[in-house]
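All remarks here apply to the structure that follows.
The values are calculated or read from the model by the stated rules, or taken from the named source; none is laboratory data. Everything quoted here is computed from the prediction, not taken from an experiment. Using ideal geometry, Cβ is built from the backbone for each residue, glycine included, and neighbour counts are taken over all protein chains shown. We work out accessible area using only protein heavy atoms, side chains counted, and drop any ligands, DNA or RNA first. Shrake-Rupley method; radii C 1.70, N 1.55, O 1.52, S 1.80 Å.
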Amino acid sequence: MSTLKIAPSILAADYANFATELKRIEKTSAEYVHIDIMDGQFVPNISFGADVVASMRKHSKLVFDCHLMVVNPERYVSAFAQAGADMMTIHLESTQHIHGALQKIKAAGMKAGVVINPGTPASALEPLLDLVDQVLIMTVNPGFGGQAFIASCLDKVRKVAAWREQKNLDFDIEVDGGIDNQTIVACAQAGANVFVAGSYLFKAQDLVAQVETLRDALHD
Ligand code: DX5
Ligand code: ZN
């Protein structure tokens, strides 16, 4: 069984205070910080790019789990590697050459992840599974925090978990979007082991305690 990991999404934090927000996340038991990169093309929203991630790196030793929602993310592989990203997870829908882009991420020394939108079938992932460190199944349409969890995506988590076992692979399965202390349980039961949470965590005053509510839900 893969280790359970919590990844607070900094998209839900205060953008004017990333250094402080990173310190806040460091005080919790979270394993990762999830960093959402949006270009206003692949998704309607714009966030920030590799230069901001490089600045964040100076303030934190957390594992940077970067989720790129940008067209042709292969263009930014070396920029993110230089910025200090630990993991670069790219959308299958965002490039004609997903296999080559994942190879490029690994060659740059980062962990490579592939992610699919709610409208993309899991079958498209199968040829990539022996190449990746992480598969991310979106449980909302990407672009914004605070959206409702799409339960039909859980079937895809089950499929990918079954392939992982059949093929004797050991990548992580991450879920992102609408994760709270209830939906996290369904995701874990389906086979996910990395849980991104934005609005559920950051709506609380006490981030440390709120992360523990997710862990408690997983252990019950
Ligand atoms: C959405 C982002 C998510 C977002 C999740 O496009 O990929 O990481 O921050 O936010 P919540 O947990 O509020 O759904
Ligand atoms: Zn994300």
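Points to keep in mind about this one:
- Residue that is nearest to ligand 2 (Cβ to nearest atom), among those in the range 143-171 that are touching a Leu at 6+ places or on another chain (Cβ under 9 Å) and under 27 Å from ASN45 (Cα atoms): GLY145
Residues are listed down the side, and each one gets a yes or a no for (1) within 14 Å of ligand 1 (Cβ to nearest atom); (2) within 11 Å of the chain's Cα centre (by Cα):
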{"position": "GLY109", "(1), (2)": "no, no"}
{"position": "GLY113", "(1), (2)": "yes, yes"}
{"position": "THR120", "(1), (2)": "no, no"}
{"position": "ALA124", "(1), (2)": "no, no"}
{"position": "LEU129", "(1), (2)": "no, no"}
{"position": "VAL132", "(1), (2)": "no, no"}
{"position": "VAL140", "(1), (2)": "yes, no"}
{"position": "GLY146", "(1), (2)": "yes, no"}
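- From the options SER29, SER47, SER2, residue that is among the polar types (S, T, N, Q) and buried (at least 16 other Cβ atoms within 10 Å of the Cβ): SER47
- Pairs where the first residue, in the range 30-53, is farther than 30 Å from THR3 by Cα and the second is of a type in the set (A, V, I, L, M) and assigned to a strand (DSSP E or B), C-beta under 6 Å, 6+ apart: GLY40/ILE46; PHE42/MET69; VAL43/MET69; ASN45/MET38; ILE46/MET38
- Residue within the range 94-110 that is within 15 Å of ligand 2 (Cβ to nearest atom) and more than 22 Å from ARG164 (Cα to Cα) present: yes
- Output for the range 180-201, where each listed residue is open to solvent by 10 Å² or more (accessible area, probe 1.4 Å), closer than 22 Å to MET87 by Cβ and not in a helix (DSSP H, G or I): GLY191, GLY198
- The number of residues in the range 146-166 that are surrounded by fewer than 20 Cβ atoms within 10 Å (Cβ to Cβ) and within 21 Å of LEU68 (Cβ to Cβ) comes to 3.
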